[in-house]
């Protein structure tokens, strides 16, 4: 088999569309599964609530906080898993601390959003010398995705009215989506092969005319349509896969692609 | 789709509109007016009790039912027995109740701290108190000089219906309601009793003031010569209390009149009443019944027999008949001693015979009509009426029942005053009518507390009544308005019960869905199982008339248009039909004229002419061969069901009732109108469905039972019960944290504020074969608040210094919830949390007393238990398709479509062919289209499915999440609104290895709460035997149940073959008392036999049972001569029981 080819068709900040050729289906699907569930990111894992006079109960707010995407670039080297770290509970190497302290003084309803989450330095920072992990972190590491960026709507956590207060401390940890979906960097991964159904893996149900009732997708242009009366090659295997990866911003499409490339080059030996 | 077209589409999500209403509830009126309309019968019937009800006054003077009841009650007369000569009764005293008043709920005067004395329902709910107002009566009496005296007595606190005229929330706007901690959409109609919301359920009663003919074989058991024929009329007094009169046909041609008084039945020959009423001559009666139909020999024969049968009484005048009646009923009625017999006779007639009519002459006419109808049923010229048909039914309204109870209680007060005075006279105590103090002393002995009686009635639903109130049941009148979710809550106010009596009937005829019920009772919304068909729900547009109507001018108006007057003596009964208004004979008319009159009345009432009220029911029953008894029957009374339709003759809105509907031709849609046939057309083809049935999307595509199931499941859904959750104290409250508005919804969804209380989520559903319906939820709330790691054990981790828990504290089983100092022992006591699940403290309430002068007596703690979906929880779509979540999968393993879409639910296509819920398929397609285009889809039944935005079939190729391979078949993906039902495994699972046992049998106890076992009964045992699983059988019935061991003495020889000692002992010296005694006795006997040389006789056991040798566990390891044998403990118990009866059991091991 030839070397795998990865061809990027469209690339945006949080979205990438690419074609992967010359690989097995098992490989392509593993890739999909890795992207969805095995790329480590950071997310809020423990919430210590100091004051909550909002209408939402503590555990409900905690749940919402957990699902806020945090900037996790270079997470695999910039952060340790708490379980691998030799600290007692958590430390600057394996956790980040975010705080939120909002109180409403106006008579209008106030939105508490992800923009109110602030990264604070770890209490025991400086006790040890800075490890290599911290050096590899980018500036915004661990802060909510798109915080204070123009044109990016912050994520709503809850709404408070005059006199209500929300004060809490979040401990951010590294993890993968196999443990909890909040650690998944992808919001959706689309995956397709054989747009003309030449391999006959599926059978299209139709009433009168298969071609009229089943419109071709845009990936169909990438492959040659079957000729009329072409014999069925039952030994053929799919080798061209069309991906469209949309991330929640915690990793960014570029990084996902980088990791995909690393994995591809690693596995193709 | 262009924006203009988008905005025109109906229904829409109305998100902004709803949010605006929620944030800024209207300062005038309420946000959803229709919600106030559908409970109107509850509230207005309650308002009708009072003089200031705000209802139109109709023909009366606008008096409330309580005042009318007082009028009807009259006065009681007592004599003090101090008469000087025989034959006089002494000083006379009259007592009566002049007025009743019920005030709004207020803080009692004892409380000196409160600024605003008004009490609001939210306080009653939160304090687990009742929402009650003070009731007082003005009791009057006369002293021997005839001077009127009065005293005002307190009758306790009476529960007040929320939002009625006596409620402090009356006519509040939504904004004010929110200020008073109520729902913005609060509509009232219930009572608050001990913090629970309870309401009086509608009950079906026979239609008032209308004669129905009955054919009941059981009537023949009433006595000799009784037949199965009778006519019956339920007469209603102006105060809405009723009295049922029945006229039985006897095989000798005459008729007996039956009524009941204080639960006792009385029967009087009809002739006696006819004579007593107007002193009619025989000829007058003959002519009145015959009505010139002299050729009818059947009728002449019967009337002749009727008249002859009266000869035995030898009373000729009306006065004589009255005196006779008065004489017979003097003791029963218990009236004043100085009343003459004829006055008592007249009272009997006024109080018990055709009570809806005042005038004796009119009563007489009505009785003649009843006789004519009775003879016609016997003759077969008309058929028996069906009492199960809504045509002959009306509704018992909550306020009316409440008024009846109050009236009866007041009557009891008067009666008991009289009884007490009479007892004093009989016992020779000083009775001085001149002395006010004596009367006051009598009053102290009377129980005036009507309030507690009513509270008890509402809390239990049990009716304690000496007369039975002319009702067929004595319990089950009230229900709790459970706020499980909005759908269940609003259904309570629309449900209508047939009566507890019918639930026990073995026949199912009463449960039948009759065509007469169309438009009044929903055919879909009834539970399945035992209350099926008895517990119905009103159709969406069905109203109940609660206001009295002004109809006094109608008889004159009809007479002007060709009706003959009722007093006309030369009416031919063969060619004339009776015209009745509310059970009064108001005239006669030929069928043609009657039909003309009916049409005119309908045109007048729809066009508002001649002051004919809209709610007048015009029942024109045409003459037929053996059909319903003909006539023109007009009804203007209250508690009738009515519904709006369009009258085709003039295109106006009409209001029709179930009596007249039978003789109408109502087209369901304008397309169905047949000229010359149709008289009316429905405003909307779905109006015959209840609110809930209307909310099932595309229900016209479903198999009918599935819609019935959905009506039940909609009511079991975990949703949003309330928006004022902070102020609710329900025992159990289920709340869905992330409810959604359904994409596919009927237009009525918005009308009934369903989006204010969301009930489920729009789930992406794939139809695919993979076992049972599977639900997948990607994200569970698995984040731990307060996760500190170390174990908390000090009570200060949970409780503040005041002994109350911190809000938000996480509790596990056994943790303290609250602490208090016991005044007696001076020690701190803890209240522990007993549940098995982790709970969070949500709210702590300190509850004080009414008077406000003592320290807090109660604390009330709300706990919050989070329940993310787990395997085994029950879910359903809105089409009666329920299922249990059988597996949860990680996102990567779920199949996905080319666009990366993963289903939330995978449902097996086998769920469809047998259940035929095509509506669900249509919903999923419409939902998919709606979700793709961002539109709400109309799912109103009987509306053509719009093609807009439809994909072709909606199928998509799918890929396995595990291998990435495309599935062999394309798969349908759609969006369906799913509800989570309240049945959750965490409440149901029952596991036991060992645990508590019954002290007597040592078998496991039952009950999930007590960690008991599930009964493994005979049939289960049979199944295991059939399977040959003997080890399992042994395990279930012996080892896991009441396994016990016993010493066995006899085995040593059997197994070892060695002879053992006569007196075997166990390792600890245990021995069998009986054997030892027997052995010793035998020793003794042997010794004697040895001495005397006689033969030895051994006693025999009376019962012998064999135990399998497999049960023998062998010789005890510790030595001794006894074996150990396993026996069920109940067997020992059985032996002990037998022994107590003198039966000895001997065991033998084989």
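With respect to residue A:226, determine if the residue is in a loop (DSSP other than H, G, I, E, B), surrounded by fewer than 15 Cβ atoms within 10 Å (Cβ to Cβ) and either more than 9 Å from chain B (Cβ to nearest Cβ) or without any contact (Cβ under 8 Å) to a residue 24 or more places away in the chain (or both). The answer is yes for residue A:226.
Once the range B:302-318 is narrowed to residues that are touching a helix residue (DSSP H, G or I) at 6+ places or on another chain (Cβ under 7 Å) and not in a loop (DSSP other than H, G, I, E, B), the residue that is nearest to residue B:379 (Cα to Cα) is B:302. Residues of the range A:91-103 that are crowded, with 20+ Cβ neighbours inside 10 Å and more than 20 Å from residue A:156 (Cα to Cα): A:92, A:93, A:94, A:95, A:96.
Yes or no: residue B:432 surrounded by fewer than 19 Cβ atoms within 10 Å (Cβ to Cβ) and closer than 27 Å to residue B:161 by Cα? No. The residues listed here are B:575, B:508; of these, the one that is over 30 Å from residue B:685 (Cα atoms) and surrounded by fewer than 17 Cβ atoms within 10 Å (Cβ to Cβ) is B:575.
Would you confirm whether any residue within the range B:477-495 is under 26 Å from residue B:410 (Cβ atoms) and surrounded by 17 or more Cβ atoms within 10 Å (Cβ to Cβ)? Yes, the range B:477-495 contains a residue that is under 26 Å from residue B:410 (Cβ atoms) and surrounded by 17 or more Cβ atoms within 10 Å (Cβ to Cβ). A single entry from B:170, B:148 fulfils the requirement of being surrounded by fewer than 23 Cβ atoms within 10 Å (Cβ to Cβ), touching a strand residue (DSSP E or B) at 6+ places or on another chain (Cβ under 6 Å), outside the structural domain of residue B:262 (by the TED database) and more than 30 Å from residue B:388 (Cβ to Cβ): B:148.
Of all residues in the range A:198-223 being facing chain B (nearest Cβ under 7 Å) and closer than 30 Å to residue A:39 by Cβ, which is nearest to the chain's Cα centre (by Cα)? The selected residue is A:217. Report yes if residue B:291 is in contact with a strand residue (DSSP E or B) (Cβ under 7 Å, 6 or more places away or on another chain) and crowded, with 21+ Cβ neighbours inside 10 Å, otherwise no. No. Within the range B:642-659, the set of residues being part of a loop (DSSP other than H, G, I, E, B) and out of contact with any helix residue (DSSP H, G or I) (no Cβ under 7 Å at 6 or more places or on another chain) comprises B:648, B:651, B:657.
Residues that are at pLDDT 90 or above, in a loop (DSSP other than H, G, I, E, B) and under 32 Å from the mean Cα position of the chain (by Cα) do occur in the range B:130-152, at least one of them. Considering the conditions (1) modelled with pLDDT of 85 or more; (2) closer than 30 Å to residue B:1042 by Cβ, residue B:936 is excluded by exactly one of them, (2).
Among the residues of the range A:13-26, those that are away from every other protein chain (no Cβ under 13 Å) and over 15 Å from residue A:189 (Cβ atoms) comprise A:13, A:21, A:22.
Of the strands (runs of 3 or more DSSP E) lying entirely inside the range B:202-284, those carrying at least 2 residues that are in the same structural domain as residue B:375 (by the TED database) and in contact with a helix residue (DSSP H, G or I) (Cβ under 6 Å, 6 or more places away or on another chain) are B:212-215, B:226-236, B:242-250, B:255-261. The residues of the range B:454-464 that are more than 15 Å from the chain's Cα centre (by Cα) and crowded, with 19+ Cβ neighbours inside 10 Å, listed by number, are B:454, B:455. In the set (1) more than 32 Å from the chain's Cα centre (by Cα); (2) in contact (Cβ under 8 Å) with a residue 12 or more places away in the chain, the condition left unmet by residue B:410 is number (1). Looking only at residues of the range B:128-144 that are touching a residue at least 60 places away in the same chain (Cβ under 8 Å) and more than 26 Å from residue B:117 (Cβ to Cβ), we find that the one that is surrounded by the fewest Cβ atoms within 10 Å (Cβ to Cβ) is B:144.
Candidates are the residues of the range B:340-362 that are touching a residue at least 24 places away in the same chain (Cβ under 8 Å) and assigned to a loop (DSSP other than H, G, I, E, B); the one that is farthest from residue B:470 (Cα to Cα) is B:357. Set side by side, the residues A:195, A:238 differ, and just one is in contact (Cβ under 8 Å) with a residue 60 or more places away in the chain, at the interface with chain B (Cβ under 9 Å from one of its Cβ atoms), over 23 Å from the mean Cα position of the chain (by Cα) and surrounded by 13 or more Cβ atoms within 10 Å (Cβ to Cβ), which is A:238.
Residues in the range B:549-572 that are assigned to a loop (DSSP other than H, G, I, E, B), modelled with pLDDT of 90 or more and either under 44 Å from the mean Cα position of the chain (by Cα) or buried (at least 16 other Cβ atoms within 10 Å of the Cβ) (or both): 6 in all. Of the numbered criteria (1) on the phi > 0 side of the Ramachandran plot; (2) surrounded by 14 or more Cβ atoms within 10 Å (Cβ to Cβ), the one residue B:971 fails is (1).
Take residue A:43 and decide whether it is touching a residue at least 40 places away in the same chain (Cβ under 8 Å) and within 14 Å of chain B (Cβ to nearest Cβ). Against the criterion (touching a residue at least 40 places away in the same chain (Cβ under 8 Å) and within 14 Å of chain B (Cβ to nearest Cβ)), residue A:43 qualifies. The single condition from (1) under 30 Å from residue B:536 (Cβ atoms); (2) in a loop (DSSP other than H, G, I, E, B); (3) without any contact (Cβ under 8 Å) to a residue 12 or more places away in the chain that residue B:639 fails is (3). If you go through the range A:64-116 and pick out every residue that is more than 30 Å from residue A:160 (Cα to Cα), free of Cβ contacts under 8 Å to residues at least 60 places away in the same chain and within 14 Å of chain B (Cβ to nearest Cβ), you end up with 3. For the range B:737-744, the criterion of a residue being assigned to a strand (DSSP E or B), in contact with a helix residue (DSSP H, G or I) (Cβ under 7 Å, 6 or more places away or on another chain) and without any contact (Cβ under 8 Å) to a residue 60 or more places away in the chain is satisfied by no position.
The values are calculated or read from the model by the stated rules, or taken from the named source; none is laboratory data. This structure is a prediction, so every number in the text was calculated from the model and none was measured. Virtual Cβ from ideal backbone geometry, glycine too; neighbours counted across all protein chains shown.
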